[in-house]
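Q: My questions will all concern the structure given below.
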Amino acid sequence: MWEVHDFPVPADLAKTAHLDAAGYEKMYRESIENPEAFWAEHGKRIDWIKPYSKVKDVSYDASDLHIKWFHDGTLNAAANCLDRHLAERGDQVAIIWEGDDPKDDKKITYRELHRDVCKFSNALKDLGVKKGDRVTIYLPMIPEAAVAMLACARVGAVHSIVFGGFSPDALAGRIQDCDSNIVITADEGLRGGRTVPLKVNTDKALEDCPDCKTVVVVKRTGGSVNFVEGRDHWYHEICDAASDDCPPTEMGAEDPLFILYTSGSTGKPKGVLHTTGGYMVYASMTHQYVFDYRDGEIYWCTADVGWVTGHSYIIYGPLANGATTLMFEGVPNYPDFSRFWQVCDKHNVSIFYTAPTAIRALMREGDGPVKSTSRKSLRILGSVGEPINPEAWMWYHEVVGDKRCPIVDTWWQTETGGILITPLPGVTNLKPGSATLPFFGVEPIIVDGDNKVLEGATEGNLCIQDSWPGQMRTVYGDHERFIQTYFTTFPGRYFSGDGCRRDEDGYYWITGRVDDVINVSGHRMGTAEVESALVAHDKVAEAAVVGYPHDIKGQGIYAYVTLNAGLEPTEELRKELVTWVRKEIGPIASPDLIQWAPGLPKTRSGKIMRRILRKIAANEHDALGDTSTLAEPAVVDDLVENRMNK
Ligand code: PRX
């Protein structure tokens, strides 16, 4: 529908930008040639209690793998997000909260947020929370989620947020993995007019977590909940009773700030650990440069705080920069498909950051719901979480942004803490579908399967050559898994798990995961996790899960299921299995398609040939490749014949 073409920086934008292309190149070169000097300077952008004298101590050598930044400095992340702003902007709005119901909203100034965080910090201390303790947060998108994160940071506790869409089992697994003995939750969440039973889920999860002895409950909907005497505490009661004077705890730069679980190719989700100093420097710097944030602007990232985007670009980056950050409880299509743009108009949003899946879903509804709003406050649009197809990019640019707003397509990961490849507004010429060029301090490398560096225009596996301050430091409780996952496939580099193309202008085009991770609506899902949920069902003998192209979600979940001998596949059983996976993991893991498989294609040594299963799911039967090495080649014919239609 749209003619896809490149977008050189318009002259008026270039005039107001802080850098030009040559300025970017110069600064980028300095950051790569002399990272110590570069980061010594930019590390100063945040407040340190004790300034650092060391900048970088990194080894990617598997026998001694360590990553440290600014490591003799001390600071507090919450003080950087709150206290440092009080003198100059105490009365400026820090958080605009927009409820699920358009009639519900709230503005919280930096002074108010500081007071709320101090009170809750003291309440947490009264409950016995100490520096280094892991605190699980299972909350909806309400201001108390921000307060809880910052209160943990203030007292030196390590938060582990579990997305509110995850099931009791998934919550329990995460509580157990990080040995957390306290959960902060709400009575219920509210999304798209429907309630989410968070307290019920927490109660269920805690049946499997005997060491978790404290629950704090925020009253969101007022729905009736079970209350366990001695274990459960109302958030408002403990905060009311607490003092609002709570000095921030002095933390080492390399003390943990948070754990966030994310899916990988194998096994259970990993607890990605981020530390304090480097993460804060990187989150705040990228937020300022990538979104060209200017004082007084309203900035809105539509992510959930349960994902890394919410951590870095709703809370830590924007608040460290003294920005006004909008927090949205609802969904893009409630009460109607105009909601995002109505919120932009209502709160004068200048910078809007969302995921391609939302753009595609809204695009399908036509231009009407967009055009009925003004959106004149919008200045910059952002995209994150999955590759954005050029058509969706064009629609975002032409219809949402009225051809006026640059789009920053930001590539990064839970592991990277912040944005690594991205355009800078008013600086970088844009190509729809490309994340364009690396941020300062980031050296992307494309390698082939043998770790040979590919130069020039090429395609291969995306690695990052050296460390950047926002990088994850370890997998919580399993440093060996950290080394194995990211540093052994291509020794000496960080391997992202993504495939990537570099064009003749040096622009990067992310082509998607090259491992067994799928990206469903911008949510990362390990195929192994869905498989193990399926085989946990007593009628399932074996299962293999792959991604397939999906118009709205980017990728859908396609499951091949072999039933136990003697069982007849039925429509009812198909539905039962979908419900089962939702219960085991959460709605985001629901298989879109389940194909009954009498057998799975395996090598003679018993390894499932996922390449073939991916091709069948994608309807690329002609490209199945050599199937002669399979133990039972006939299995493939059956699968092709009975492929599920989308
Ligand atoms: O495959 C890449 C994709 O999302 C993965 C990271 O997922 P997660 O850790 O959940 O973090 C998502 C938000 C940062 C990556 O390995 N991805 C993320 N951003 C982009 C992307 N793929 C293409 N273009 C992007 N802009």
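The values are calculated or read from the model by the stated rules, or taken from the named source; none is laboratory data. Remember, predicted model here, so these are calculated numbers, not experimental data. Here Cβ is always computed from backbone atoms with ideal geometry, including for glycine, and neighbour counts include all displayed protein chains.
Q: Of all residues being within 30 Å of the chain's Cα centre (by Cα) and surrounded by 19 or more Cβ atoms within 10 Å (Cβ to Cβ) in the stretch 596-613, which is nearest to Glu576 (Cα to Cα)? Just the residue, please.
A: Leu613
Q: With the requirement that a residue be touching a residue at least 60 places away in the same chain (Cβ under 8 Å) and polar (S, T, N, Q), what does the stretch 528-554 give you?
A: Answer for the stretch 528-554, where residues must be touching a residue at least 60 places away in the same chain (Cβ under 8 Å) and polar (S, T, N, Q): there is none.
Q: Within the stretch 351-358, is there a residue that is farther than 24 Å from Met141 by Cβ, in a helix (DSSP H, G or I), within 16 Å of the ligand (Cβ to nearest atom) and in contact (Cβ under 8 Å) with a residue 60 or more places away in the chain?
A: No, because not a single residue in the stretch 351-358 is farther than 24 Å from Met141 by Cβ, in a helix (DSSP H, G or I), within 16 Å of the ligand (Cβ to nearest atom) and in contact (Cβ under 8 Å) with a residue 60 or more places away in the chain.
Q: For the stretch 251-258, does any single residue satisfy the condition of being among the aliphatic types (A, V, I, L, M), assigned to a loop (DSSP other than H, G, I, E, B) and within 29 Å of the chain's Cα centre (by Cα)?
A: So far as the stretch 251-258 goes, yes, one or more of its residues are among the aliphatic types (A, V, I, L, M), assigned to a loop (DSSP other than H, G, I, E, B) and within 29 Å of the chain's Cα centre (by Cα).
Q: Checking Thr428 against (1) among the polar types (S, T, N, Q); (2) more than 28 Å from Leu381 (Cα to Cα); (3) touching a Leu at 6+ places or on another chain (Cβ under 7 Å): exactly one of these is not met. Which one?
A: (2)
Q: Now for a separate question. Is it true that some residue in the stretch 590-609 is in contact with a His (Cβ under 9 Å, 6 or more places away or on another chain) and either at pLDDT 95 or above or assigned to a strand (DSSP E or B) (or both)?
A: Yes - at least one qualifying residue is present in the stretch 590-609.
Conditions (1) modelled with pLDDT under 95; (2) assigned to a helix (DSSP H, G or I); (3) over 21 Å from the mean Cα position of the chain (by Cα); (4) crowded, with 24+ Cβ neighbours inside 10 Å, marked per residue:
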| position | (1), (2), (3), (4) |
| --- | --- |
| Asp169 | no, yes, no, no |
| Thr195 | no, no, yes, no |
| Lys204 | no, yes, yes, no |
| Pro210 | no, no, yes, no |
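Q: Could you say whether any residue in the stretch 324-341 is at pLDDT 95 or above, polar (S, T, N, Q) and touching a Phe, Trp or Tyr at 6+ places or on another chain (Cβ under 6 Å)?
A: yes
Q: From the list Asp345, Asp295, exactly one residue is outside any helix (DSSP H, G or I), in contact (Cβ under 8 Å) with a residue 24 or more places away in the chain and surrounded by fewer than 24 Cβ atoms within 10 Å (Cβ to Cβ). Which is it?
A: Among Asp345, Asp295, only Asp295 is outside any helix (DSSP H, G or I), in contact (Cβ under 8 Å) with a residue 24 or more places away in the chain and surrounded by fewer than 24 Cβ atoms within 10 Å (Cβ to Cβ).
Q: Taking into account only those residues within the stretch 532-547 that are within 17 Å of Arg614 (Cα to Cα) and surrounded by 21 or more Cβ atoms within 10 Å (Cβ to Cβ), which is nearest to the chain's Cα centre (by Cα)?
A: Residue satisfying both the conditions and the ranking: Gly547.
Q: While we're here: Checking Leu378 against (1) buried (at least 23 other Cβ atoms within 10 Å of the Cβ); (2) over 14 Å from the mean Cα position of the chain (by Cα); (3) over 20 Å from Glu3 (Cβ atoms), which test does it fail?
A: (1)
Q: Return the pairs, sorted by first residue and then second, in which the second residue is of a type outside the set (S, T, N, Q) and in a loop (DSSP other than H, G, I, E, B), the first residue lies in the stretch 614-634 and is over 18 Å from Pro598 (Cβ atoms), the beta carbons are less than 6 Å apart, and the residues are 6+ apart or on different chains.
A: Filtered contacts from the stretch 614-634: Lys615/Leu624.
Q: Could we say that Val281 is among the aliphatic types (A, V, I, L, M), without any contact (Cβ under 8 Å) to a residue 40 or more places away in the chain and within 29 Å of Glu98 (Cα to Cα) here?
A: no
Q: In the stretch 303-332, how many residues are more than 12 Å from the ligand (Cβ to nearest atom), in contact with a helix residue (DSSP H, G or I) (Cβ under 7 Å, 6 or more places away or on another chain), touching a residue at least 40 places away in the same chain (Cβ under 8 Å) and within 23 Å of Tyr396 (Cα to Cα)?
A: Count: 5.
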